[in-house]
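Notes for the one structure printed next.
The values are calculated or read from the model by the stated rules, or taken from the named source; none is laboratory data. Just so it is clear, the structure is predicted and the values come from calculations on it, not from any experiment. Counting neighbours? That spans all protein chains shown, and the Cβs are built from the backbone with ideal geometry, glycine included. To get the accessible areas, we keep the full protein, side chains included, count just its heavy atoms, and leave off ligands, DNA and RNA. Shrake-Rupley method; radii C 1.70, N 1.55, O 1.52, S 1.80 Å.
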There are 2 protein chains.
Amino acid sequence: MKNVKIVEVGLRDGLQNETTQLSVEQRYDLYDKLVRAGVKNIEIGAFVSPKWVPQMALTAELCAMVLPEGEKVKSKVQATVLVPNEQGMLQAIEAGVKEVAIFAACSESFSQKNINCSIDESFERFVPVMKLAKEFKIKVRGYLSTCFGCPFEGKVSEAKVVSLVKKMHKLGCYEISVGDTIGVANAAQVESLFKKLKKVVPVNKLAGHFHDTRGQALANILAAYNVGIRTFDSSIGGLGGCPYAPGAAGNVATEDVIYMFDGMKVKTGLKLDQLIDTHRWLQPLMDHQLSSKVGRVGRLKPIGKVQ
Amino acid sequence: MKNVKIVEVGLRDGLQNETTQLSVEQRYDLYDKLVRAGVKNIEIGAFVSPKWVPQMALTAELCAMVLPEGEKVKSKVQATVLVPNEQGMLQAIEAGVKEVAIFAACSESFSQKNINCSIDESFERFVPVMKLAKEFKIKVRGYLSTCFGCPFEGKVSEAKVVSLVKKMHKLGCYEISVGDTIGVANAAQVESLFKKLKKVVPVNKLAGHFHDTRGQALANILAAYNVGIRTFDSSIGGLGGCPYAPGAAGNVATEDVIYMFDGMKVKTGLKLDQLIDTHRWLQPLMDHQLSSKVGRVGRLKPIGKVQ
């Protein structure tokens with residue numbers, strides 16, 4: 001199977017790491033453009049404290065704008081909202097969300113710094129969330145962060161990642177996104193880890209989530225694709241950043257990923273020209289140059305033969 | 001064989017596409033830092049008209065500074081100078097150069113626009129150059145540009161590239177650098193072309209030269225590596241640009257390439273930390289942010305465990 005599923009995360013993982021705060025109307029416009037560009041799986045926000053993450057404020061309002069349309073085209077677009085705990089899950093249910101995402105870290109230090117609890121405690125918090133999910137027939141996607149390295153502890157063992165992916169799978173997550181949160185992975189490491197993960201979890205339950213902090217993201221996606229991974233997270237324009245490396249690149253850019261897969265004749269369902277248009281619409285709203293190179297330069301448009 | 005040979009092209013292909021003109025002393029300092037970082041193969045300049053390419057002015061002076069040292073460490077460092085024709089070759093001989101590079105395009109329009117002659121005519125110009133090379137025991141490296149696409153004509157046929165690579169090999173080039181001049185290639189195209197080229201020329205005579213205009217360069221290097229290519233051109237900091245896409249990224253950055261290969265346990269002989277130091281020394285001399293992400297962000301330096 002050559003087809004690839006893209007999960008667009010610009011509206012959540014992207015925007016929450018940007019200093020620019022888009023209005024809920026701008027976020028809706030971005031959602032709309034992405035869906036028109038063929039995006040079928042899209043994270044639209046997070047039910048977290050707007051005090052800590054102001055970029056995600058008014059996610060309920062965004063849900064209200066998106067979900068009625070989501071109903072109309074529900075067979076086509078899966079809109080996901082991140083929930084950190086039971087409280088967030090209750091807000092998601094209230095907002096009529098049909099898919100949520102939960103997250104845990106692979107290193108204790110990152111877990112403590114990011115969500116102020118141990119990894120075990122974060123899994124305890126998932127229990128009531130999963131219970132509600134079952135009750136309300138809500139799909140749950142799992143994120144594992146710092147799978148390839150931790151800004152505090154450095155190396156993260158493959159065995160640790162394998163055990164946590166198994167744990168998330170057992171918990172009931174229909175897909176587990178294996179994240180290089182600080183963009184430190186290399187192609188060999190990606191190949192090695194996914195080969196191990198495939199042995200413990202069905203390969204179609206695994207997704208790759210790569211940040212481009214060190215320019216390695218696309219090579220890492222290619223390496224993961226070559227060992228059978230068929231779901232990747234990406235962010236329009238390369239929205240996002242790295243809280244541990246100010247000014248650094250964020251998530252791999254959706255346009256750059258689609259450029260590669262289009263060239264490889266791998267179907268994603270996304271339309272490159274409309275993604276490039278979306279990049280160009282988005283650029284003036286942000287306070288820095290978007291990192292996507294395909295978005296900036298566009299496709300090759302031949303000038304014409306020289307006689 | 002896992003080892004990879006890196007040809008550093010920042011001082012030529014990089015600088016000639018930058019608006020900043022470094023002094024010959026700054027160019028020498030950059031050369032010196034690169035050699036100390038383990039660079040063994042390095043393009044240092046071009047014998048072209050300083051009227052047309054002012055960035056390459058004083059290449060003879062740079063040769064005079066580099067080559068005495070080159071003599072001392074000649075078993076270690078191969079310094080190359082680009083020559084467009086017999087006149088340039090005579091200057092190279094005068095300067096005591098032991099290796100030159102010649103170049104041709106794979107599309108007629110690019111050849112006309114870039115060097116004002118047809119592809120056939122450019123090969124005619126090589127005849128006296130190769131004769132002098134033989135006489136003075138000078139090695140000749142060949143560049144083929146626009147192998148994956150042309151800014152004027154768009155598509156370039158694989159058959160055309162194959163025939164020109166054969167022609168350069170027959171001419172006596174010890175290595176042929178297959179260039180994605182405008183950064184338009186994708187991983188599948190790279191794999192396909194190099195598989196064909198390997199059938200007509202020994203694989204150890206082929207090099208990959210990728211520009212990062214659309215963020216694909218590292219993925220393309222990985223794809224070429226996976227089909228057996230073991231020589232790659234790169235540019236410190238990602239120096240360079242694309243004359244057909246103002247503000248666009250230039251050559252793939254040496255630091256980013258070494259980060260990937262180090263991770264893959266592929267030996268290059270280059271030292272990442274010293275490359276990063278060189279990037280940081282170079283940055284304030286340039287008029288824009290260097291595109292290398294590894295150079296900007298550096299390696300992961302763990303902050304320390306959180307208790």
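Key figures
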| item | result |
| --- | --- |
| Single condition A:Ala249 does not satisfy, out of (1) over 21 Å from the mean Cα position of the chain (by Cα); (2) within 8 Å of chain B (Cβ to nearest Cβ) | (1) |
| Pair list, Cβ under 8 Å, 6 or more apart: region B:213-228 residue more than 7 Å from chain A (Cβ to nearest Cβ), other residue of a type in the set (S, T, N, Q) | B:Ala217/B:Asn251; B:Asn220/B:Asn186; B:Asn226/A:Asn226 |
| Filtered residue count, region B:105-129, keeping only those that are in contact (Cβ under 8 Å) with a residue 40 or more places away in the chain and within 12 Å of chain A (Cβ to nearest Cβ) | 5 |
| Single residue of A:Leu90, A:Leu82 found to be in contact (Cβ under 8 Å) with a residue 60 or more places away in the chain and more than 14 Å from every other protein chain (Cβ to nearest Cβ) | A:Leu82 |
| Residue match in region A:131-141 (condition: within 18 Å of the chain's Cα centre (by Cα), crowded, with 19+ Cβ neighbours inside 10 Å and closer than 27 Å to B:Gly263 by Cβ) | no |
| Which listed residue, of B:Leu275, B:Leu282, B:Leu270, is at pLDDT 95 or above, among the aliphatic types (A, V, I, L, M) and in a loop (DSSP other than H, G, I, E, B) | B:Leu270 |
| Any pair with Cβ under 9 angstrom, 6 or more apart, that starts in region A:43-61 at a residue that is open to solvent by 40 Å² or more (accessible area, probe 1.4 Å) and ends at one that is of a type in the set (Lys, Arg) and at pLDDT 95 or above | A:Leu58/A:Arg27 |
| The one condition in (1) part of a helix (DSSP H, G or I); (2) surrounded by 20 or more Cβ atoms within 10 Å (Cβ to Cβ); (3) not hydrophobic (A, V, I, L, M, F, W, C) that B:Gln91 fails to fulfil | (2) |
| Within region B:139-251, strands (runs of 3 or more DSSP E) holding 2 or more residues that are of a type outside the set (D, E, K, R) and in contact with a Pro (Cβ under 6 Å, 6 or more places away or on another chain) | none |
| Filter result (crowded, with 22+ Cβ neighbours inside 10 Å and of a type in the set (Gly, Ala, Ser)) within region B:223-247 | B:Ala223, B:Ala224, B:Ser234, B:Ser235, B:Gly237, B:Gly238, B:Gly240, B:Gly241 |
| Some residue of region A:107-114 being in contact with a helix residue (DSSP H, G or I) (Cβ under 9 Å, 6 or more places away or on another chain) and in a loop (DSSP other than H, G, I, E, B) | yes |
| Members of region A:99-124 that are open to solvent by 20 Å² or more (accessible area, probe 1.4 Å) and in contact with a Leu (Cβ under 8 Å, 6 or more places away or on another chain) | A:Phe103 |
| Matching residues, region B:298-307, being more than 7 Å from chain A (Cβ to nearest Cβ) and either open to solvent by 70 Å² or more (accessible area, probe 1.4 Å) or more than 15 Å from A:Tyr244 (Cα to Cα) (or both) | B:Arg299, B:Lys301, B:Gln307 |
| Residues of region B:273-296 classified as under 30 Å from A:Asn114 (Cα atoms) and surrounded by fewer than 24 Cβ atoms within 10 Å (Cβ to Cβ), total | 2 |
| Residue check for A:Lys160: more than 20 Å from A:Ile42 (Cα to Cα), more than 14 Å from every other protein chain (Cβ to nearest Cβ) and either in contact with a helix residue (DSSP H, G or I) (Cβ under 7 Å, 6 or more places away or on another chain) or acidic (Asp, Glu) (or both) | no |
| Cross-chain or 6+ apart pairs with Cβ under 8 Å, region A:182-205 first and within 14 Å of chain B (Cβ to nearest Cβ) and open to solvent by less than 60 Å² (accessible area, probe 1.4 Å), then acidic (Asp, Glu) and part of a helix (DSSP H, G or I) | A:Asn186/B:Asp262; A:Ser192/A:Glu158; A:Leu193/A:Glu158 |
| Residue ID - farthest from A:Glu191 (Cα to Cα), chosen from residues in region B:256-297 that are of a type outside the set (A, V, I, L, M, F, W, C) and facing another protein chain (nearest Cβ under 8 Å) | B:Arg296 |
